[in-house]
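The values are calculated or read from the model by the stated rules, or taken from the named source; none is laboratory data. Just so we're clear, the structure is a prediction, and the values are computed from it rather than from any experiment. Glycine also receives a Cβ, built like all others from the backbone with ideal geometry; neighbour counts cover every protein chain displayed. Surface accessibility is based on the protein's heavy atoms, side chains included, excluding ligands, DNA and RNA. Shrake-Rupley method; radii C 1.70, N 1.55, O 1.52, S 1.80 Å.
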Amino acid sequence: MSKKELAKGSVSYREVVAQGVGGAAPAMASLVTLTGAAAYAYGSFPLAVLLATVAVLLDATRLSITSRYVQSAGGIYAFISEGLGKKVGYFVGWAYVLYALTALVFIYLSIGVFLPGALQVLGINTPGWIWAPLVVAVALFGGILSYLGIRPSLKFTLTMSILEIAFILGTSLLIFTKVPPDPATFTLKYAPPPSAFNVGVGMAFVFLAFAGYETTSVLGEEAVDPKNTITKGVFTSALLVGITYLMASEAFTVGWGVNDMSSFFSQLVPGIVLGMRYGGFVLAVILTILLINSGLTDSVTFFNTVSRVVYAMARDGVLDKRLEGIHDNNRTPHVAILFSLAFSLLYTLIFSAAIGPANVFLSVGITTTFGFLIAIFTANISLLFILRRFSALNVWNVLLTVIINAILGFVIFANIVTTAVNSFVLIGVATFAGWMIIGAIYYWLRKVRV
């Protein structure tokens with residue numbers, strides 16, 4: 001095997017699914033981050049989740065189709081390069097790298113910011129500086145496990161993802177034994193006026209909670225029979241995450257009280273609060289452990305993701321060739337992993353020390369959103385050109401692309417109109433803009449040297 005090759009044929013279908021599920025972090029989303037959707041949809045929160053799940057499954061269908069024609073460690077970057085050319089692929093890939101790097105920052109701070117809140121529900125107070133060692137621990141765990149090999153990293157992710165889904169579904173069923181489901185939550189009945197718009201905005205936030213399921217695409221060179229494995233894996237992971245979100249949103253809504261959801265999003269960790277209410281201290285502790293586990297798993301999957309995209313871009317000559325290094329024994333893109341670890345950890349520590357971890361969490365949330373949505377939107381368009389090249393373009397594929405990109409357009413619009421503009425939001429926007437300017441300068445300098 002060449003020193004420049006990843007561990008081909010080493011990842012099974014189950015592990016591909018684990019990469020997608022782990023990337024979405026269903027436990028963390030269910031317990032904490034889906035709160036943004038409830039802030040708009042209120043008691044119709046499950047309706048927003050249902051609509052978003054349908055949209056994501058449509059997008060997963062598009063990813064599945066693309067994976068039949070392109071299998072690469074570059075994932076989304078490779079999809080776009082194949083359909084729209086290397087120049088567009090570079091710029092969108094550059095944006096996707098920022099998305100993945102700031103997603104790591106977001107993950108670190110999800111533990112650093114929300115774990116102290118969860119511990120407070122358990123009656124444990126923590127010092128204000130606790131976020132820093134938590135951030136370092138999550139970063140090192142994800143980076144080291146990814147460095148050690150794709151098999152060990154995904155074996156861990158597979159086990160932990162199963163536990164996450166099992167306990168979130170179990171908690172949901174426990175709540176249903178005490179408060180029955182309410183079918184009206186899947187209608188506009190409990191949404192504040194204008195009800196349709198608020199459910200739509202809630203749906204946009206749920207869509208973003210799925211971000212990470214698309215990371216299965218970076219395993220195209222390491223999966224067994226990637227043409228079929230990635231194709232099936234991306235859809236399966238999206239479906240499993242969707243089922244988990246649907247169950248959790250319904251249980252948490254009726255458990256909290258369909259007419260009291262205006263207070264749901266005021267809690268830092270509403271899922272832990274519900275665990276304490278319906279399962280007592282023991283369940284609240286288990287869910288807190290799941291929150292930690294979800295952050296660790298998510299960290300591993302995003303290190304796997306960003307390192308492979310950076311490696312593929314370096315291999316294609318659009319990034320520094322030194323980032324192309326493959327570890328002789330582990331067969332991992334170890335140079336790109338170390339770069340990602342250093343960048344994301346320093347970014348988190350420096351900016352958190354300057355403006356506070358909660359504010360960095362807000363700003364990188366904006367940065368991550370831009371990178372993710374732009375990459376997915378462009379990848380959808382790229383599919384049409386790939387299919388045309390293979391004489392497989394039809395009306396269904398065009399219609400699918402139009403529908404998905406219309407939904408993504410609304411998601412972008414909803415985020416713009418609902419995000420309160422403050423200095424930290426502007427930092428997030430400026431970070432994305434600055435990154436893209438640096439990317440353009442870097443592209444031009446490399447072109448001049450050549």
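What a 1.4 Å probe finds exposed on segment 80-171 is 74% carbon and sulfur by accessible area, rounded to a whole percent. Computed from label points 7 Å out along Cα-Cβ, the spacing between D320 and V429 is 3.2 nm. In this entry, segment 133-210 is assigned a mean projected area of 8.2 nm², taken as a quarter of its C-alpha convex hull surface.
Using a Gaussian network model on the chain with a 10 Å cutoff between Cα atoms, which of A392, A18, A41 fluctuates the most? Ranking A392, A18, A41 by mean-square fluctuation puts A392 first. Relative to the longest principal axis of the chain, what angle (0 to 90°, nearest 10) does the C-alpha long axis of helix 131-148 take? So the inclination is approximately 40 degrees.
Report the far tail of the P(r) of segment 43-167, meaning the percent of Cα-Cα pairs longer than 21 Å.
65 percent
Which percent of the accessible heavy-atom area of segment 246-312 goes to carbon and sulfur, probe 1.4 angstrom? All intermediate terms of the calculation are to be shown ahead of the outcome.
Numbers: 1170 of 1750 Å².
About 67 percent, which is the carbon plus sulfur part of the accessible surface.
Residues R331, R388, sorted by accessible area with the largest first, give R388, R331 [1.4 Å probe; ligands and nucleic acids excluded].
Ignoring ligands, DNA and RNA, what accessible area per residue does segment 21-144 give at 1.4 Å, in Å²? Walk me through the numbers before you get to the answer.
Details: 3210 Å² over 124 residues.
Per-residue value: 26 Å².
What is the angle, in °, between the Cα long axis of helix 45-67 and the longest principal axis of the Cα atoms in the chain? Nearest 10 is fine, range 0 to 90. Roughly 20 degrees between the two axes. Checking the Cα-Cα distances for K232/K447; K86/K227; K8/K86; K178/K232 against a 31 Å cut-off, the pairs over it are K232/K447; K178/K232.
Its Cα gyration tensor gives segment 193-259 an equivalent ellipsoid; the semi-axes, largest first and in whole Å, are 33, 14, 8. Please work out whether segment 396-450 counts as rounded, prolate or oblate from its C-alpha gyration tensor, where a ≥ b ≥ c are the square roots of the eigenvalues and a/c under 1.5 means rounded, while otherwise a/b larger than b/c means prolate and anything else oblate? Since a/c reaches 1.5 but b/c is at least a/b, the shape of segment 396-450 is classed as oblate.
Only protein heavy atoms count here; on that basis, with a 1.4 Å probe, T431 has an accessible area of about 40 Å².
Please compute the per residue accessible area over segment 269-326 with all protein chains in place, 1.4 Å probe, rounded to a whole number of Å². With all protein chains present, segment 269-326 gives 26 Å² per residue. The candidate values are (i) 0.97; (ii) 1.10; (iii) 0.93; the one derived from this structure for Cα Rg over 2.2 N^0.38 Å carries the label (iii). Neighbours of R389, meaning other residues whose beta-carbon lies under 14 angstrom from its beta-carbon, give a summed charge of +1 when Lys and Arg score +1 and Asp and Glu score -1. The alpha carbon centroids of segment 184-235 and segment 12-31 are separated by 12 Å.
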